[in-house]
Amino acid sequence: MADLSSPSLHLPAVDPAVNEVQLTSLSSRPRRLRRTPALRAMVRETQLHANDFIYPLFVAHGQQVRHPIGSMPGVAQLSVDEAVVEAERCAELGIRSVLLFGLPAHKDPVGLENFADDGIVQQATRAIKDAVPEMVVVTDVCLCEYTDHGHCGLLNFGNGNLPHPNLDEGYVLNDETLVVLNKVALSHAYAGADIIAPSGMMDGMVASLRHALDIHDFSHLPIMSYAVKYASSFYGPFREAADGAPKFGDRKTHQMDPANVREALREAALDVQEGADFLMVKPALAYLDVIQRLRQQFSELPLAAYNVSGEYAMVKAASAQGWIDERSTVLEILTGIKRAGADLIITYHAQDAARWLQD
Ligand code: PBG
């Protein structure tokens, strides 16, 4: 205890009355509950578990391939055998679910491998379900990684003769795209996927997939809709990882404007109406208010948040410089996303975080 009367503190001479602190009315002292680690743990409102995490995997053709992604240290494009290794690792860490993205052997305007029975995601799904049957395999359903133009849907292109003359050339066509998404989702279902996760932000996407699944006897298969997905700069590293950058233009005619939250509620309401089983907000960090609003408005549905590639890359870059501490920063970020209202967090940090939570 510092001796307040010690001259070494160089306290200026003051009126002695100043030393008589009157705190009789201070019955609330929040610091009482922060005094020891055990007390702090007892009153902790938000608890992270490995069970909260979904771990994304980028699956590529080949064998024993681990092709690192420069902008996402610790993340790699994996061949199916290596993806199985990662799924096994997840299971050991208590992570229940992986989310698959595919890198096709060839790209074309439609993205034919996307719905091929022996497509890369279909192969990976079978292999993971074989090796780790309890692993919940979620498959991303979109076109951008499979199309040569890198867009999330079929485009208004023709040989000088636009199929939709009233729309711009290169516009992502909605209803035509839904037909392809139906095929993709069904091929994932036949491969054994546990959850279908459409990420393309097409109108009517959930209704269309629900119907397609139902009439093929997959009425038991849940849809995790990327209900609220913003046209975000934070997807940059992912587009390297999944080789899915648009070759021209951007995604602003279908992904949402970052400025909008009322529109997010409208998107979510439509997906609920169309039969979505989970809702998702993406990205997470610049959209914590959106997560909170969805949590309140659609409290009956499980809510996922996607802690996206750019958010991951920023933490990795700053911690590599020694500017922040990776472990505590990651756990703080994930706790914040959960506190905002997410039940599930899709995150590239999942394995590290699960390991840290075990310590
Ligand atoms: C598109 C898709 C994207 C991401 C997931 N699915 C990229 C995009 O919309 O351009 C981004 C995920 C991330 O950044 O981690 N199918």
| remark: Of all DSSP beta bridges with both partners in the chain, the antiparallel percent, nearest 5, is 10 percent
| request: Would you look at the GNM of the chain, springs on alpha carbons closer than 10 Å, and say which of His49, His164, His151 moves the most? | output: His164
| Once the whole set of protein chains is in place, how much accessible area is left on Ile128, using a 1.4 Å probe, in Å² to the nearest 10? | 0 Å²
| task | Alpha carbons only, please: Rg and Dmax for region 222-343, in angstrom. | result | 15.1, 47
| remark: The rounded separation in angstrom of the Cα centers of region 126-185 and region 261-297 is 22 Å
| the chain - mean residue ellipticity at 222 nm from DSSP helices (-39,500 (n - 2.57) per run, n ≥ 4, rounded to 500) | -11000 deg cm²/dmol
| query | Hey, any idea what % of the chain's accessible area is carbon plus sulfur with a 1.4 Å probe? | reply | 52 percent
| At q = 0.17 Å⁻¹, what is the log10 ratio I(q)/I(0) for region 178-249, with the Debye formula run over Cα points and no solvent? | -0.71
| remark: Compactness summary of the chain: radius of gyration and Dmax from Cα atoms, Å, are 24.5, 92
| request: Net charge near His254: determine it from the other residues with C-beta under 15 Å of the C-beta of His254, scoring Lys and Arg +1 and Asp and Glu -1. | output: -4
| message | Given the C-alpha atoms of region 1-156, compute the convex hull and give its volume per residue in Å³. | response | 283 Å³
| said: Restricting to Cα pairs below 8 Å that are 6+ residues apart, what does the relative contact order work out to for region 49-358? Please round to a whole percent. | reply: 18 percent
| message | Student exercise: in region 49-358, how many lysine pairs 8 or more apart or on different chains have Cα atoms under 14 Å apart? | response | 4
| task | Could you rank the peptides 305-313, 71-79 by their average count of other C-beta atoms within 10 Å per residue, with the highest value first? | result | 305-313, 71-79
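The values are calculated or read from the model by the stated rules, or taken from the named source; none is laboratory data. Values in this document were obtained by computation on a predicted structure and should not be read as measured data. No Cβ is skipped: glycine too gets one built from the backbone with ideal geometry, and neighbour counts run over all protein chains shown. Ligands, DNA and RNA are excluded from the accessible area calculation, which covers all protein heavy atoms including side chains. Shrake-Rupley method; radii C 1.70, N 1.55, O 1.52, S 1.80 Å.
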